[in-house]
1. Among the residues of the range 241-287, write down those that are closer than 21 Å to F108 by Cα, without any contact (Cβ under 8 Å) to a residue 40 or more places away in the chain and in a loop (DSSP other than H, G, I, E, B).
2. Conditions: (1) free of Cβ contacts under 8 Å to residues at least 12 places away in the same chain; (2) assigned to a strand (DSSP E or B). D191 meets all but one. Number of the miss?
3. Does E281 satisfy the criteria of being among the acidic types (D, E), surrounded by fewer than 16 Cβ atoms within 10 Å (Cβ to Cβ) and closer than 30 Å to F122 by Cα?
4. Which numbered condition in (1) more than 19 Å from the chain's Cα centre (by Cα); (2) part of a strand (DSSP E or B) is the only one that M71 fails?
5. Select from the range 196-240 the residues that are in a helix (DSSP H, G or I) and of a type in the set (S, T, Y) and write down the one among them that is surrounded by the most Cβ atoms within 10 Å (Cβ to Cβ).
6. Kindly provide the set of residues from the range 137-149 that are open to solvent by 10 Å² or more (accessible area, probe 1.4 Å), within 15 Å of E298 (Cβ to Cβ) and not hydrophobic (A, V, I, L, M, F, W, C), ordered by number.
7. All but one of (1) out of contact with any strand residue (DSSP E or B) (no Cβ under 7 Å at 6 or more places or on another chain); (2) open to solvent by less than 20 Å² (accessible area, probe 1.4 Å) hold for P154; which doesn't?
8. Return the only residue of Q15, Q11, Q7 being under 30 Å from V117 (Cβ atoms), open to solvent by 60 Å² or more (accessible area, probe 1.4 Å) and touching a helix residue (DSSP H, G or I) at 6+ places or on another chain (Cβ under 8 Å).
Amino acid sequence: MKDKFYQYIQQLQDQICSALEAADGKARFKEDLWQREAGGGGRTRVIEDGAVFEKGGVNISAVHGPLPESMQAYFKVGKVDFYACGLSLVLHPRSPMAPTVHANWRYFEMYDAEGKVVDQWFGGGQDLTPYYLFEEDALHFHQVCKQACDKHHPEFYPEYKKKCDEYFWNHHRAEARGVGGLFFDYCRATDSFSMDNWYDFVTEVGDSFLNAYLPIVNRRKELPYTEQQLDWQQIRRGRYVEFNLVHDKGTLFGLKTGGRIESILMSLPPQVQWKYNHTPEAGSPEAELVDVLKNPREWA
C-alpha cells in the first residue's frame, strides 16, 4: 500500500504543478530534493512571484524510522518504527479576490519489533480560505468535494465537512480559518471498508482538487482590487499563520519528527499584517466574511 500510494502522489504532484503553472502563465515551480537524516526524504516544489500565485508549494515526502518519543506519547504507543508519506500543498494568490487553498493527502504505518505492520491509516482533505466571500466559489468548492465523497459513501461529505469546520478553527479567535471543505484522519480498515477502499476514496479526493480550485482562481485572478483590499488580505493572512503555528497537527508533527523546516513552513504567506484590535466596518464585505467565519454555513 505504501509503495502504491507514494507512486500516486508523485504523479499527482506532477499533474497539479503543471496545471498551476499554466494558470499562472509566468512563474515556474522550483524543485528541491532533500533527505531526512533519520530516514527518508522528499521533493519540495515552490512557486513564487508569479502573475497569479504570490507564493505556493506542492510538496511530497516519504519519511521513516523510529517513532520519536514525543510522538510515541501522542499515539500512546511504545518504541515502534513508522512510515509516513503524503502530498501537502498551499497556494497564496496575489489578488485578494482569489482565495488561498490548502490540501493534504497522506498515509501512515507503524511496525512492531519484527517489522510487521501493526497499524495503518489514511488522512487528508482540502479547504478554501477566501479574503472576500463569493458564495458561488464556496458552493462550487463544496459541491466538487461532495461529488467525490458521494461516490464512496453518502455519509462521507457531511461527516468530513463537519470535521473540517471543527479542525480548521482558530480557538483563540473563535472563528474558522476559511469556508472549509473536507478533513478526514485515521481512516482504518473495517469489516465493511478495506484499506483498498480507503485508497480509492483518498485518491478520488486528490484527483478532484484541480476541478475544485482552478475554476475559482480563473474567475477571480483578473478582478481589480484596491490597496485597502490588499491590506485586508494581509490581515487575514495573519490569522492563517496563527492557525498553522498554534493548532495545525501537520506542522507540529513535522517539527517533532525532524522534518525539513523549509518544507514545513512553506505554507506561510510572504506578506502578512497584524493590526491591533482590527475590526471591519459593520455591513462591509470584510464584515460579511468574518460573520461566515464565526458561523460556518452548509454549502452543499
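1. If the condition is that a residue be closer than 21 Å to F108 by Cα, without any contact (Cβ under 8 Å) to a residue 40 or more places away in the chain and in a loop (DSSP other than H, G, I, E, B), then D248 is the only one that fits.
2. D191 satisfies every listed condition except (2).
3. On the way: among the acidic types (D, E): yes; surrounded by fewer than 16 Cβ atoms within 10 Å (Cβ to Cβ): yes; closer than 30 Å to F122 by Cα: no.
For E281, the condition - among the acidic types (D, E), surrounded by fewer than 16 Cβ atoms within 10 Å (Cβ to Cβ) and closer than 30 Å to F122 by Cα - is not met.
4. M71 satisfies every listed condition except (2).
5. The first filter runs over the range 196-240 and keeps only residues in a helix (DSSP H, G or I), leaving 196-220, 227-240.
If we keep only those that are of a type in the set (S, T, Y) too, we end up with 199, 203, 208, 213, 240.
Values: Y199: 17, T203: 19, S208: 20, Y213: 27, Y240: 23.
Top of the filtered list is Y213.
6. Listed by number, the residues that qualify are H140, Q143, K146.
7. (2)
8. Values: Q11 fails: touching a helix residue (DSSP H, G or I) at 6+ places or on another chain (Cβ under 8 Å); Q7 fails: touching a helix residue (DSSP H, G or I) at 6+ places or on another chain (Cβ under 8 Å).
Of the residues listed, the single one that is under 30 Å from V117 (Cβ atoms), open to solvent by 60 Å² or more (accessible area, probe 1.4 Å) and touching a helix residue (DSSP H, G or I) at 6+ places or on another chain (Cβ under 8 Å) is Q15.
The values are calculated or read from the model by the stated rules, or taken from the named source; none is laboratory data. Bear in mind the structure is a predicted one, so any value in this text is a computation, not a measurement. As a convention, Cβ positions derive from the backbone with ideal geometry for all residues, glycine included, and neighbour counts pool all protein chains shown. These accessible areas exclude ligands, DNA and RNA; they are computed on the full protein's heavy atoms, side chains included. Shrake-Rupley method; radii C 1.70, N 1.55, O 1.52, S 1.80 Å.
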